[in-house]
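Working notes for the structure below.
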Amino acid sequence: MTRVTLEGKPAAGPLGYQSWALFEWARNPYVILVTIYIFAPYFSTTVVGDPVRGQALLGYANSFSGALIAIMAPFLGAIADKQGRRKPWIGGFIAIMVPAIWLLWFAMPGGVGLGITATLALIVVIAVTFEFTAVFHNAMLPAIAPADRIGMISGLALAYGNCAGLLLMLFVLYAFALPGDSSWSFIPSAPLFGLDQAASEPDRIVAPLTALWLLAFSLPLLAFTPDTPDSGLPVRLAIARGLAEVRATIGQLRHYGNVALYLLARMIFNDGMVGVLIFGGVYAAGTFGWGTTTLLIFGIVTSFSAAIGAVLGGRLDDRLGSRRTVLIAVGGTASLLAVAVTIQPDSILFVPYTSEATLWALPWFNTLPELLYFANTQLFAMFITVAFASARTMMARIAPPSMMAQFFGLYALSGTATAFLAPLLVGIFTSAFESQRAGYASLIILLAIGFVLMLFVREERAVAATR
């Protein structure tokens, strides 16, 4: 029996949709190692030399890239819809990302080498092109996934991405972070490849490592996942029709009021969750003084928790429905963030904590505040991954089948239109209060607004409007 997509067309075989899911395996290590756990904290604390200023600079850089994404993404998506094919766009953005990520290796301690401004510029370029690959990657899902397995495939992709990050972090921990800092016999006595810890090379190596990983593991998608057929439209005509399609769809959003409300809610809570991911490691490094090894262990366990969340989220979605699952995930994330910002080296839930006793002999997470923050983050990872997977499935459940690709384009827009808001909010609150805690806590505002809006969304399929 031939499986069909939500659009009623023949679905891709296992090789096709597994290769689609594997693209997250290629992309996500950059987010995990560079954006969250290793390079961003290193940039903030060592390149800039001031965790508060570093977090603010990263906030402003990410807000600028978010603004560029919001302006450009819907038009690129509409043009690609009219041309048909998605993979050439993905391949082109990968060709930009790989060398840009590699160049982060030259961001040296104290702002020498590449320099702070140039590093921030590269971060913007990578963030924009990275999100554009997501636009076209997500747009492929409804056309290749069997209708009865779309939720599973969506969650599988996120699980692949987190497992890839976990695998690379284990390698970095073994090969670069622990050597010279551990007496264990199975750990090399010095970092592999002659990396110099004094020059922070174990922190910087994650850039070229993730660049090569992205290049290698993007190939299955480009080779084996079926692409939408080429429409044969000339580029100029595709641009004109694509722009007209964007205007027409936006003009009819009143007819799709429930879907529009969902896109608005998702736009806001997704921005808050992405902010939690971006600044979680930066906040921990500045608050607890965690170094590379500690952050790697933190990231490894957290990625494993996120992979578990991706699998469990699919099952929860099947039992409770997408809307309820999203509400649980968003509400849980907001509550956990409220707890996280109350934990400091000298306080727990704002109650002073003065004990200097360590919990065990290992040098990582050996104080009660650190251990509580660590445990809280594991739940964070599960809730956020559940939200990401179920949000994508929710779109598949409520969009008109005949307009699925078009509405997934708007879904992609809803994930980027305010991508500048969370980093900007963090940057403003961090600078205004001169506090990482205040900056990180500001993300609760976005999560709360998104949760309230989701209460008014109905899980029912829209009917296509007649034009």
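The values are calculated or read from the model by the stated rules, or taken from the named source; none is laboratory data. Everything numeric in this text was worked out from a predicted model, so none of it was measured. Quick reminder, even Gly has a Cβ in these numbers, built from the backbone with ideal geometry, and neighbours come from all protein chains shown.
Within the stretch 36-62, residues that are farther than 23 Å from Met169 by Cβ sit with their Cβ atoms under 7 Å from residues that are part of a loop (DSSP other than H, G, I, E, B) and modelled with pLDDT of 80 or more, at 6+ positions apart or across chains, in these pairs: Leu57/Val48. Of everything listed in (1) in contact with a strand residue (DSSP E or B) (Cβ under 6 Å, 6 or more places away or on another chain); (2) crowded, with 22+ Cβ neighbours inside 10 Å, the single unmet condition for Val282 is (1). Could you tell me which of the residues Ala375, Ala340 is buried (at least 21 other Cβ atoms within 10 Å of the Cβ) and closer than 30 Å to Ser200 by Cβ? Every option except Ala340 fails the conditions.
Has the stretch 257-269 got at least one residue that is crowded, with 20+ Cβ neighbours inside 10 Å, modelled with pLDDT of 75 or more and among the hydroxyl-bearing types (Ser, Thr, Tyr)? Yes, some residue in the stretch 257-269 is crowded, with 20+ Cβ neighbours inside 10 Å, modelled with pLDDT of 75 or more and among the hydroxyl-bearing types (Ser, Thr, Tyr). In summary, helices (runs of 4 or more DSSP H) completely within the stretch 1-98 and bearing 2 or more residues that are over 21 Å from the mean Cα position of the chain (by Cα) and over 21 Å from Leu212 (Cα atoms) occur at 14-29, 51-83. Being surrounded by fewer than 22 Cβ atoms within 10 Å (Cβ to Cβ), part of a helix (DSSP H, G or I), of a type in the set (A, V, I, L, M, F, W, C) and touching a residue at least 12 places away in the same chain (Cβ under 8 Å) is a description that does not apply to Val128.
The set of residues from the stretch 77-92 being surrounded by fewer than 20 Cβ atoms within 10 Å (Cβ to Cβ) and either closer than 16 Å to Met267 by Cα or modelled with pLDDT of 75 or more (or both) comprises Arg85, Lys87, Pro88, Gly91, Gly92. Is it fair to say Gly232 is of a type outside the set (A, V, I, L, M), under 27 Å from Ala95 (Cα atoms), crowded, with 16+ Cβ neighbours inside 10 Å and modelled with pLDDT under 75? Taking the combined requirement at face value, the residue does not satisfy it.
Being touching a strand residue (DSSP E or B) at 6+ places or on another chain (Cβ under 8 Å) and not in a helix (DSSP H, G or I) is the filter; apply it to the stretch 99-114 and report the residue that is surrounded by the most Cβ atoms within 10 Å (Cβ to Cβ).
So the first thing to find is which residues in the stretch 99-114 are touching a strand residue (DSSP E or B) at 6+ places or on another chain (Cβ under 8 Å), and the list is 106-107, 113-114.
Add one more test, that the residue is not in a helix (DSSP H, G or I), and what stays is 107, 113-114.
Working: Ala107: 26, Gly113: 15, Leu114: 19.
Step by step, filter the stretch 99-114, then rank; the result is Ala107.
Residue-level check: of (1) over 19 Å from Trp20 (Cβ atoms); (2) hydrophobic (A, V, I, L, M, F, W, C); (3) surrounded by fewer than 19 Cβ atoms within 10 Å (Cβ to Cβ), Ala147 misses just (1). Considering the stretch 293-337, and only residues there that are over 27 Å from Thr430 (Cα atoms) and in contact with an Asp or Glu (Cβ under 7 Å, 6 or more places away or on another chain), the residue that is surrounded by the fewest Cβ atoms within 10 Å (Cβ to Cβ) turns out to be Gly321. Every condition in (1) at pLDDT 80 or above; (2) of a type in the set (Phe, Trp, Tyr); (3) over 18 Å from the mean Cα position of the chain (by Cα) is met by Phe186 except one, and the failing one is (1).
For the stretch 407-420, the condition holds for no residue, the condition being that it is within 25 Å of Phe132 (Cβ to Cβ), of a type in the set (Gly, Ala, Ser) and at pLDDT 85 or above.
Filtered by the rule that a residue be assigned to a loop (DSSP other than H, G, I, E, B) and either loosely packed, with under 13 Cβ neighbours inside 10 Å or free of Cβ contacts under 8 Å to residues at least 12 places away in the same chain (or both), the stretch 190-206 gives Ala190, Asp196.
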